[in-house]
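> The following block contains the structure, expressed as structure tokens.
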Amino acid sequence: MMNDKLHAYIEEIIPERPQLLDKMEQYAKEHNVPIMELAGIEAMLQLLRIQRPKTILEVGTAIGYSAIRMAFAVPEAKIITIERDVERYQLAEQYIDEARKKEQIRIIKGDALEVEEDVIKHGPYDAIFIDAAKGQYQRFFELYSRYLSYDGVIITDNVLFKGLVCEPVIENKRIRNLVKKIDVFNKWLMSHPEYHTVILPVGDGVAISKKR
């Protein structure tokens with residue numbers, strides 16, 4: 001497919017990352033850890049470079065890949081990131097230490113729907129990045145958009161979910177239910193009365209929302 005060829009072409013010409021990031025990418029691939037696709041994260045980082053946020057909230061740390069990449073892209077930003085999985089939390093701490101970004105990145109351990117009190121201590125946020133349980137996207141958005149600064153943006157990953165959002169038939173019930181939730185979220189977000197939203201067909205689909 002031409003789309004696949006274009007996708008491969010874009011990834012091929014993206015400059016090589018530092019050795020630490022390459023190591024993290026390999027770990028994620030080998031252990032099925034979901035990290036943002038290269039084209040998608042490059043688009044997000046460029047947006048952040050233009051915006052130059054002072055505070056960033058990330059919902060879903062995983063092993064710390066996106067947080068570290070954001071820290072390198074906008075070194076003046078303070079990044080607060082949330083992770084509930086103990087093993088991934090510990091790995092993220094190790095990688096953040098190795099990247100020498102402990103002063104810039106703080107991980108809050110816990111379920112993103114249960115740590116609001118800890119999160120608000122560091123807000124308001126100029127940028128919010130949602131990349132956690134896809135079935136909870138709307139709840140994450142509703143919860144943390146309240147702490148977005150006036151000119152802030154909310155970035156949501158995986159909103160096209162490997163193109164499955166436009167497939168009429170999905171045999172796997174679990175995947176079908178998840179895709180339905182993403183579709184409902186996308187339509188809710190695109191018609192939100194308080195936000196202008198655009199969905200970019202890069203990576204796994206990136207939604208960018210800004211207050212009206």
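> Does segment 21-38 hold any residues that are under 12 Å from Gly203 (Cβ atoms) and in a loop (DSSP other than H, G, I, E, B), and which are they?
The first filter runs over segment 21-38 and keeps only residues under 12 Å from Gly203 (Cβ atoms), leaving 34-38.
Correct list: Pro34, Ile35, Met36, Glu37.
> Any idea which of (1) surrounded by fewer than 12 Cβ atoms within 10 Å (Cβ to Cβ); (2) under 18 Å from the mean Cα position of the chain (by Cα) is the one Tyr9 doesn't satisfy?
(2)
> Would you point out the residue of segment 71-93, among those that are over 17 Å from Val33 (Cβ atoms) and out of contact with any strand residue (DSSP E or B) (no Cβ under 6 Å at 6 or more places or on another chain), that is surrounded by the most Cβ atoms within 10 Å (Cβ to Cβ)?
Out of the qualifying residues, it is Val74.
> Checking the structure you have, find out if any residue of segment 34-56 is open to solvent by less than 80 Å² (accessible area, probe 1.4 Å), more than 25 Å from Ala133 (Cα to Cα) and among the acidic types (Asp, Glu).
no
> Then there is this: Out of (1) open to solvent by 20 Å² or more (accessible area, probe 1.4 Å); (2) more than 21 Å from Tyr137 (Cα to Cα); (3) part of a loop (DSSP other than H, G, I, E, B); (4) touching a residue at least 12 places away in the same chain (Cβ under 8 Å), what's the single condition that is false for Pro15?
Just one mismatch for Pro15, condition (4).
> Sticking with this structure for a sec: Going through segment 165-181 one residue at a time, which ones are over 19 Å from the mean Cα position of the chain (by Cα) and within 23 Å of Ala43 (Cβ to Cβ)?
Restricting attention to segment 165-181, the residues satisfying the condition of being over 19 Å from the mean Cα position of the chain (by Cα) are 166-177, 180.
Across segment 165-181, the qualifying residue is only Cys166.
> For segment 184-212, give me each residue that is acidic (Asp, Glu) and modelled with pLDDT of 95 or more.
Glu194
> Do any strands (runs of 3 or more DSSP E) lying entirely in segment 94-212 carry at least 3 residues that are surrounded by fewer than 20 Cβ atoms within 10 Å (Cβ to Cβ) and not charged (D, E, K, R), and which ones are they? Write out each step before concluding.
Working: elements: 105-109, 125-130, 148-157, 195-200, 206-211.
Filter on segment 94-212 gives 195-200.
The values are calculated or read from the model by the stated rules, or taken from the named source; none is laboratory data. Here the structure is a predicted model, which is why all the values come from computation and not from measurement. Here Cβ is always computed from backbone atoms with ideal geometry, including for glycine, and neighbour counts include all displayed protein chains. Accessible surface areas use protein heavy atoms only, side chains included; no ligands, DNA or RNA. Shrake-Rupley method; radii C 1.70, N 1.55, O 1.52, S 1.80 Å.
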